[in-house]
Amino acid sequence: MGCGSCSSGGGCAPAGCKSNGSCLTGGCQKMEVHDWLSNLDMPSNYRSFPIIEVKFKGARKEFFVNNDDIYLEIGELIAVEGATGGYDIGHVSLTGELVRTQLKRRKTPIDQVTRKVYRKATEADVEKWKIAKGLEWETMHKARTLALDLKLSMKISDVDYQGDRTKATFFYTAEGRVDFRELIKKMAESFRIRIEMRQIGMRQEAGRLGGIGSCGRELCCSTWLTNFKTVSTAAARYQNLSLNTLKLAGQCGKLKCCLNYELDTYLDALKDIPDRIESLQTEVGTARHQKTDIFKKLMWFSYANQEDWIPLKVDRVKEIMAMNKRGEKPSNLKDEAVELKTTAVVEKTHDYENVVGQDSLTRLDEKNRNKNNRNRNNRNDRDRNKAQGGQGADRENGGNRNGQAGAKNRDRQRNQNRQQQAKSSEKPQREQNPRNQQKNENRPPQNQRQPQKPVEAKANNQSALKGEAPQTQGEGTNPEQKRNNRNRNKNRNRNREQGAKTKDQGPKPNE
């Protein structure tokens, strides 16, 4: 997001702006002043102001004299005279009459501006400048290692190479004075350049490095703030803020600069509010001051051993204070409390209709859950069948669980199913046989049959087990009934034989 002249590196335009340089997040527009005179037509005999403003890495801006009257535009890379010799590369930040205003604002006389503008940066100058910028990160880490070896209580936060790669400025922070003479010797031997050490404060360090504040925006010190004023905890007290250092401190470790932004507004509002008030004397008792709403001009008081707070207007508080000075006391502050308006919460009804029926956010989760349950049940069934097959194999093969017993059980089950289907298909055919229908018609009803003796029934059962036809009462007297009984016994014997065959072919009950 930053251009090459800032600490974030990169090209001459912020990323994403297509080299237009008009991003709202800063970048190329960092620490720049809008030239509102650029679109005005100047007189024909007008000569532009010879001094221009040039921006370098970070928030460093310096003034240079354009003696050769080179036509320069804002944002161009130019080669200017260095502070200790050589040349440096920077961006033009301001030209024209606004530079005169900037000189007055910074209290810089025109006579003190002596360094010159050499030329517009050529391709060779830009290439050499980019190589120098690429060495800054590695140089900074090597310098930190050297400082740690010398046990110096300092933190090197940034390095700025000159455009011709003959000089490097090291910015560091420290609590007190640091003797870095030995450090400079070692860095000069290691880097083979001229070294300049410059101590900066915590706020300047945060401005050079940049970052995102607790408000979610870029730091003010890295985008537009140049003058750092002192911030005290009194600013937080005037604004009724909690004196929590973790919330009041910025990334630099100091109090946030934004605490001073609205301080004047609060001071103007506090002029009408009485200061240093702790309690009010009433006939009921002493009411202590709890809090103050500065802009609504309300003050809350409460009695001892009571939880409710009583809101009073500032004017009434001043009157009660005057009464207490005269020795007078009001009856009760609850009778003079201000009625606060409570805002009713109205539930919003959404004016849309569910057309496609996809209003449930968990509809896909329910489908996946059902699918997972089915898969889990199928997996459990397969595991159970495998376990049963393995147990049968253990019993038959002496613990050799190879799955053969499971295959045998499946074959037996398949044969049983086929026999049951054959039975069910034969049964309706027997019922449709006309001989069977005639037998059923000639069979007397159950209520007209003569009851048999228990001894005879037992004998009949024994004869049936032996394969003989059971004798019924009146067998020799009625030939038709005799024939029906004989046929019935034949069918019964045939069914028993078929059942015995199926038992022999089916699985054993113990397997």
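The values are calculated or read from the model by the stated rules, or taken from the named source; none is laboratory data. A quick note: this is a predicted structure, and the numbers were derived from the prediction, not measured. Using ideal geometry, Cβ is built from the backbone for each residue, glycine included, and neighbour counts are taken over all protein chains shown.
Assorted remarks:
- Considering residues of segment 168-227 that are touching a strand residue (DSSP E or B) at 6+ places or on another chain (Cβ under 7 Å) and hydroxyl-bearing (Ser, Thr, Tyr) only, the residue nearest to Ala83 (Cα to Cα): Thr169
- For segment 233-259, the candidate set comprises residues that are within 32 Å of the chain's Cα centre (by Cα) and assigned to a helix (DSSP H, G or I); within that set, the residue that is surrounded by the fewest Cβ atoms within 10 Å (Cβ to Cβ) is Leu246.
- Among (1) part of a helix (DSSP H, G or I); (2) at pLDDT 90 or above; (3) touching a Gly at 6+ places or on another chain (Cβ under 9 Å); (4) surrounded by 16 or more Cβ atoms within 10 Å (Cβ to Cβ) - the single one Trp137 does not satisfy: (4)
- Scan segment 153-211 for residues that are under 44 Å from the mean Cα position of the chain (by Cα), farther than 24 Å from His91 by Cα and among the hydroxyl-bearing types (Ser, Thr, Tyr) and the total you get is 3.
- Lone qualifier among Leu246, Leu270, Leu255 - being among the aliphatic types (A, V, I, L, M), at negative phi and in contact with a Leu (Cβ under 9 Å, 6 or more places away or on another chain): Leu255
- Scanning segment 73-130 for residues that are hydrophobic (A, V, I, L, M, F, W, C) and assigned to a helix (DSSP H, G or I) yields Leu98, Val99, Leu103, Ile110, Ala124, Val126, Trp129.
- Unique match (being under 24 Å from Phe170 (Cα atoms) and aliphatic (A, V, I, L, M)) among Val99, Val113, Val80, Val117: Val80
- Of everything listed in (1) in the same structural domain as Glu136 (by TED's automatic domain parsing); (2) touching a residue at least 60 places away in the same chain (Cβ under 8 Å), the single unmet condition for Trp224 is (1).
- Enumeration of residues in segment 62-99 that are free of Cβ contacts under 8 Å to residues at least 60 places away in the same chain, surrounded by fewer than 19 Cβ atoms within 10 Å (Cβ to Cβ) and under 49 Å from the mean Cα position of the chain (by Cα): Glu62, Leu72, Glu73, Glu76, Ala83
- Matching residues in segment 322-349 - criterion: being in a loop (DSSP other than H, G, I, E, B) and acidic (Asp, Glu): Glu328, Glu339, Glu347
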